[in-house]
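The values are calculated or read from the model by the stated rules, or taken from the named source; none is laboratory data. Nothing here was measured: the structure is a model prediction, and the numbers come from that model. Note that we place each Cβ from the backbone using ideal geometry, even for glycine, and neighbour counts take in every protein chain shown.
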Amino acid sequence: MKHLILNVLCLVAPLAGHAETCPPAKDVTSDIAMLLNDVRDAPDERSAAAISNKMWQLWTIAPDALAQDYLDNGMTRRSQFDFAGAEAAFTALIEYCPNYAEGWNQRAFVNFLREDYPKALVDLDKALELNPVHVAALSGKALTLLFMGEEAQGQKVLREALALNPWLSERAYLRDVPRDDL
């Protein structure tokens, strides 16, 4: 029943506007800063993965219950390969909470999976505007640029992401690029 209600909300809410306003997201800046320090000092990949999971737990705390429902619904739909439904849920989240970086990041991921890289890039840029140290959005932007054939720019952004978290799996895409191209 909950999914039926959320399905209706995802279709109607973006069109109807919201009677209430999305509150600001919980400020997790200092927690993320500590985790970024910890991940840079991690002794191995397994330890780094546990720290990265803590970052995800913080990023996915939505500003309120309605926003959390949109986020959870979108993530569930994406995991079921219902990319249209996921995009609708994340769009509803973005329209309700335009200052919540994770909504933009999640919609970007859906568009990346659909291979709509230009659309993903727009959302990643917005997520990074809202949260410049969102490592997942930064590494997602790097991959998006690389898949678009923008090798030099993708490598530059990948290096920025790896400076924050040297254990990212995306490090497998790191190439030697002449310094003049960066």
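Side notes on the structure shown:
- All of N99, N73 fail the test of being surrounded by 19 or more Cβ atoms within 10 Å (Cβ to Cβ) and in contact (Cβ under 8 Å) with a residue 60 or more places away in the chain, apart from N73.
- Among residues of the stretch 121-133 that are outside any helix (DSSP H, G or I), those with a Cβ under 6 angstrom from a residue that is modelled with pLDDT of 95 or more, sequence gap 6+ or separate chain, pair up as N131/A101.
- Any hit, the stretch 106-124, residues being modelled with pLDDT of 95 or more, within 22 Å of S47 (Cβ to Cβ) and more than 11 Å from the chain's Cα centre (by Cα): no
- Residue count for the stretch 76-106 satisfying the condition of being of a type in the set (F, W, Y) and part of a helix (DSSP H, G or I): 4.
- Top-ranked residue in the stretch 53-65 [being touching a Leu at 6+ places or on another chain (Cβ under 8 Å) and touching a residue at least 40 places away in the same chain (Cβ under 8 Å); ranked as surrounded by the most Cβ atoms within 10 Å (Cβ to Cβ)]: A62
- Output for the stretch 74-100, where each listed residue is within 15 Å of the chain's Cα centre (by Cα) and closer than 19 Å to P23 by Cα: A89, F90, T91, L93, I94, C97, P98, N99, Y100
- Selection within the stretch 134-155 - assigned to a helix (DSSP H, G or I) and either of a type in the set (G, A, S) or at pLDDT below 95 (or both): A136, A137, S139, G140, A142, A152, G154
- Leading residue by the ranking (farthest from N99 (Cα to Cα)) among those in the stretch 29-66 that are part of a loop (DSSP other than H, G, I, E, B) and touching a Cys at 6+ places or on another chain (Cβ under 9 Å): D64
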